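J.: Dropping the structure in here first, questions after.
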């Protein structure tokens, strides 16, 4: 989601970034008769399933449609003039079941066999006894059984169903045609992708709306570095660490005459893996953007992360939608989860925030270690910035395993690929910057991930915030 290739992310799409769609954010399509179901901020339609027509591109075709968005499953049905609307949050779905009812060919074969037997018995009885009533009885009983078996083949007793289970409810969607039963598997797969993908920015928790920051980050066609130093790291503004990250964001790499022998390349990569995996703390900023955007716009995200080993994470997430900018903040230490919603609150049920916990790890530097472990890059060179030399590694394309690590998705959809560029400081062998372009070969859609790291192995500490006694984290905001 997504990363809408979902999205792409959606797609997967890389699933992380919402798809820029034909449908408005604040309602269904313009000609929709179901305007009572407005989209939530940042919500996008993913797929719709008509009970008879199968997968469709509009959520309003027919009278029995299940629409999957990046946040919800919405079922609209109408029986006898009564319209029914059912809504389930995707993050509350715990199980999906598909009842794929198909015709039993055995019933047809048995029915035809019984029909033949009935006709033969009737003819034999008529030839031997010449009594019409007895012939009808002898042949008619098997024929009646044959008609029953053939009717059960033509008209199955049960309808197919797609069933979404939550902890407290069940949503059932009938499957009345071969097309709908076939496409139900596609929809179920998409739902599981949306449930599993951690970086969609549609995590369903309460959000605090801040004033839109003055951000004009230009991402030209050459994928320039993260530029604006004015993008201060949350809760670190003015600190030496924030200043260091701002300096990294401004880095402009220049070519050098320095060369690196192939025999030395592997040693530097091994040192980079070792130094990066052993880092005890760092701060980082990751952007997820549409490369066609000249400035941060709808569907783009910024994440700021502060990490302190072994398991301290402080995260600020900022997302852009047509309704404005939304910022969310959370903090985790081990299994303790805190959310900032008009003050800090602690959750006693971390399972409610599984997406945020997954996003913590997906923002970490370790996912790039997977890329470095995949073997020799397709190209490399030595570049310079701010008086330091950097080893620039290019991987085109990335391996499937590396793509899974970047997307936080163990099974990216077919047709999704990615290219990666990594910059390693040759003085420290620590990863300084990474850029990954994820693309959908089917439609040419592209999503750009940019991430920079600073303040490795500093005295950064992630400290539990003070929270009111017996104060629970607010429940998820999605209906």
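Bear in mind that the values in this text are calculations on the coordinates, not laboratory data. Predicted model only: the values in this text are computed from it and were never measured. Virtual Cβ from ideal backbone geometry, glycine too; neighbours counted across all protein chains shown.
J.: Between residue 83 and residue 109, how many nm apart are label points set 7 Å from Cα along the C-beta direction?
T.: About 4.9 nm separates the two model spin labels.
J.: Taking 8 Å as the Cα distance limit and 6 or more residues as the minimum spacing, I'd like the relative contact order of the range 240-454 as a percentage.
T.: Relative contact order for the range 240-454 comes out at 22 percent.
J.: Report the per residue volume, in Å³, of the convex hull enclosing the C-alpha atoms of the range 398-443.
T.: 72
J.: By how many nm would the segment from residue 388 to residue 137 lengthen if fully extended, with 0.36 nm per residue of separation less the alpha-carbon distance?
T.: Contour length minus the Cα-Cα distance gives 80.4 nm.
J.: Next up: Suppose R0 equals 51 Å. What FRET efficiency, 1/(1 + (r/R0)^6) with r the Cβ-Cβ distance, do residue 94 and residue 257 give to the nearest 0.05?
T.: So, using R0 = 51 Å, E works out to roughly 0.30.
J.: Over the range 240-454, with a single point scatterer placed on each C-alpha, what log10 of the ratio I(q)/I(0) does the Debye formula yield at q = 0.12, 0.14, 0.17, 0.18 1/Å?
T.: With one equal scatterer per Cα and no solvent, log10 I(q)/I(0) is -0.69, -0.94, -1.34, -1.46.
J.: At residue 55 and residue 361, where each label point lies 7 Å from the Cα along Cα→Cβ, what is the point-to-point distance in nanometres?
T.: Placing both labels 7 Å along Cα→Cβ, they lie 2.9 nm apart.
J.: Taking 7 Å along the Cα-to-C-beta vector as the label spot, tell me the residue 378-residue 192 distance in nanometres, rounded to one decimal.
T.: Reported label-point gap for residue 378 and residue 192 is 3.0 nm.
J.: State the three equivalent ellipsoid semi-axes of the range 105-154, derived from the C-alpha gyration tensor as the square roots of 5 times its eigenvalues, in descending order and whole Å.
T.: Over the Cα atoms of the range 105-154, the ellipsoid semi-axes are 24, 9, 4 Å.
J.: Let me ask you something else. Provide the FRET efficiency to the nearest 0.05 for the residue 159-residue 323 pair, computing r from the beta carbons and using R0 = 41 Å.
T.: Efficiency, from the Cβ-Cβ distance: 0.55.
J.: With r as the distance between the Cβ atoms of residue 399 and residue 341 and R0 = 45 Å, compute the FRET efficiency 1/(1 + (r/R0)^6) and round to 0.05.
T.: 0.70
J.: Does a label point 7 Å from the Cα of residue 442, set along Cα-to-beta-carbon, have any residues of the range 398-436 with amide nitrogen under 16 Å, and which are they?
T.: Taking a point 7 Å out along Cα→Cβ of residue 442, the residues of the range 398-436 whose backbone N falls under 16 Å are 411-418.
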